[in-house]
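A quick write-up on the structure given underneath.
The values are calculated or read from the model by the stated rules, or taken from the named source; none is laboratory data. Keep in mind that this is a model prediction, so the values were computed, not measured. We place every Cβ from the backbone using ideal geometry, glycine too, and count neighbours over all the protein chains shown. We work out accessible area using only protein heavy atoms, side chains counted, and drop any ligands, DNA or RNA first. Shrake-Rupley method; radii C 1.70, N 1.55, O 1.52, S 1.80 Å.
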Amino acid sequence: MAYAILNLLDQPTLPVAAPVVMLLAHWFWGRHRHWAAGAVAAFAGSAVVFVLTDLARLHWDRIAADALTTAAGATVALAVFTGASRLTPPAT
């Protein structure tokens, strides 16, 4: 999602993010499939990458900034997924 938004804004691509996103998607598809938790985690991770990319590129070169923002987005996505997948609906 972050790549698509940055591409629409005519920003350079995030080449570091592609392998990380593919590994997370493969892990999610093969083992977990908690769709609501996955959607929330994808949105949260993408939002972190989207917000931090321009800020990080002001202070570091492009590759370092992309790696940092990708790591931050993946960490947030995994933390959100873990928290959201452990929530259980109230008993009726």
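Structure data summary
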read-out	value
Qualifying positions in the stretch 1-41 - within 17 Å of Thr82 (Cβ to Cβ) and modelled with pLDDT under 75	Arg31, His32, Arg33
Selection from the stretch 48-70 of residues that are crowded, with 16+ Cβ neighbours inside 10 Å and free of Cβ contacts under 8 Å to residues at least 24 places away in the same chain	Leu52, Ala56, Arg57, Ala65, Leu68
Residue check for Ala36: open to solvent by less than 60 Å² (accessible area, probe 1.4 Å) and of a type outside the set (Phe, Trp, Tyr)	no
